[in-house]
Amino acid sequence: MTDDPRDPIDPEDGEPASEPDLKRETFPPVQPFAPDDPDDGWGTFSAADLERETFPPLRYAVPGLLPEGLALLAGKPKFGKSFLCTDLVIAVALGGIAFGQLQCEAGDVLYLALEDSKRRLHSRMSAMIPGGGFPPSLRIETRAPRLGAGLEQKLARWIARQSKPRLIVIDTLRCVRPPSNGRAGSYEEDAETMAPLLDLARSTPGLCVLVVHHVRKAEADDAFDTISGTFGLTGVADTLLVFGKHGEGAKLAAQGRDLDSFEKAFRRDPFTGGWVLTGDARDMAKTRERQAILDELAEADGKPLTSGQLAKAVGKRGDTISHLLKRLLADGQVAKAGYGKWKLPDSRSNLSNRSNWMHRGDTEGGED
């Protein structure tokens, strides 16, 4: 044994004791909670107080589509999200019609087009406003600081200077999210990224902050599960929107705290490059599926087909086909031809989209 203080001995086993952790932080003891503290603000209002309170109706940047609050819009790169956003910011700034259908209330708009150049923005907006007259109430930036490095303060100052702030679009999240600090988990980092934007949106009634993001490559049954990132990102946002391919066009799926979920179908405008709302994607899908069944029965030329044959022909599951057939039967568009077999009613024996159903007077059944 030695008395050298540089080589301390553990009295339990006679081995040298471990070095003291000189880097370990020390914290003051936690003060106990004083239940009679007069400054404690818990329980500041009662349920009865809440019942008596009145609130203004929910406001929309785009009626039925984009409510006030924080929204996250995700889609694949190069699919047309920027044209979708350009249509939004122009319609709100002008008090015009979004997507060819939705009348917007005019207001002040800030568009952070952080992946665009002035040239590209000018080209896109010139196509969408062919007569000219870009709205002065639409302010645009192509560069911005990151969250945590001044962006929140700049956005707050812009909001304070406007008489009617209605919409802020940040395209894209990648350009403004703070770098990882390596200390927090992915969930915490995602949530902390979105939290300042949520505070900004909620502190300004009638304002929508729309953040553009990407989806991951992997597919999922639920469109919202394809949004890149953790639940920390999607859980903070008030509204989630996913924009993706749907048949020959596109579909915008949405769900949110203040929004009934929907799926809207869009088609590309060949003249402006923008997007035009064409209707409810779910209803349109059902219509296409029903028409596919009618086409198969028409091409069978009166020969009954089983539910299984129809399911294979149109590429749908058996239970889906059975449900559709029941609806078509109730509408009088199909008839039963025995157990599990189906045919067209006699009055619809020549009504196929792929033949001559648009030309009912043609007795030969030829195509134009």
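The values are calculated or read from the model by the stated rules, or taken from the named source; none is laboratory data. Small disclaimer: the values here were computed from a predicted structure and weren't measured. Using ideal geometry, Cβ is built from the backbone for each residue, glycine included, and neighbour counts are taken over all protein chains shown.
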_Failed condition for ALA74, given (1) crowded, with 18+ Cβ neighbours inside 10 Å; (2) in contact with a Gly (Cβ under 7 Å, 6 or more places away or on another chain); (3) farther than 24 Å from ILE129 by Cβ_ = (2)
*Would you please name the residue that is modelled with the highest pLDDT, looking only at residues in region 239-267 that are acidic (Asp, Glu) and out of contact with any Pro (no Cβ under 7 Å at 6 or more places or on another chain)?*
GLU263
*Would you mind telling me which numbered condition in (1) modelled with pLDDT of 80 or more; (2) surrounded by fewer than 14 Cβ atoms within 10 Å (Cβ to Cβ); (3) not polar (S, T, N, Q) GLY332 fails?*
(1)
*When you go through (1) closer than 19 Å to GLY247 by Cα; (2) at pLDDT 85 or above; (3) assigned to a helix (DSSP H, G or I) one by one for LEU310, which number turns out not to apply?*
(1)
*asked:* Here is a check on your reading of the model: is LYS118 of a type in the set (D, E, K, R), modelled with pLDDT of 95 or more and surrounded by fewer than 21 Cβ atoms within 10 Å (Cβ to Cβ)?
replied: yes
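May I ask you to say which residue of GLY249, GLY274, GLY279, GLY308 is of a type in the set (Gly, Ala, Ser) and at positive phi?
Step by step, each of GLY249, GLY274, GLY279, GLY308 is checked, and only GLY279 is of a type in the set (Gly, Ala, Ser) and at positive phi.
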*Search result, residues across region 161-181 that are of a type in the set (Lys, Arg), touching a residue at least 12 places away in the same chain (Cβ under 8 Å) and within 20 Å of THR204 (Cα to Cα)*: LYS164, ARG166
*Give the residues of region 253-276 that are touching a residue at least 12 places away in the same chain (Cβ under 8 Å), farther than 15 Å from THR86 by Cβ and in contact with a strand residue (DSSP E or B) (Cβ under 6 Å, 6 or more places away or on another chain), sorted by residue number.*
ALA253, ALA254, GLN255, GLY256, ASP258, LEU259, PHE262, GLU263, LYS264, ALA265, ARG267
*Among the residues of region 145-197, which ones are assigned to a helix (DSSP H, G or I), within 17 Å of ILE227 (Cβ to Cβ) and either in contact with a Pro (Cβ under 6 Å, 6 or more places away or on another chain) or β-branched (Val, Ile, Thr) (or both)?*
THR193
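Given the options ALA254, ALA201, name the one that is under 25 Å from GLN103 (Cα atoms), assigned to a helix (DSSP H, G or I) and assigned by TED's automatic domain parsing to the domain that holds ASP171.
Working: ALA254 fails: assigned to a helix (DSSP H, G or I).
It is ALA201.
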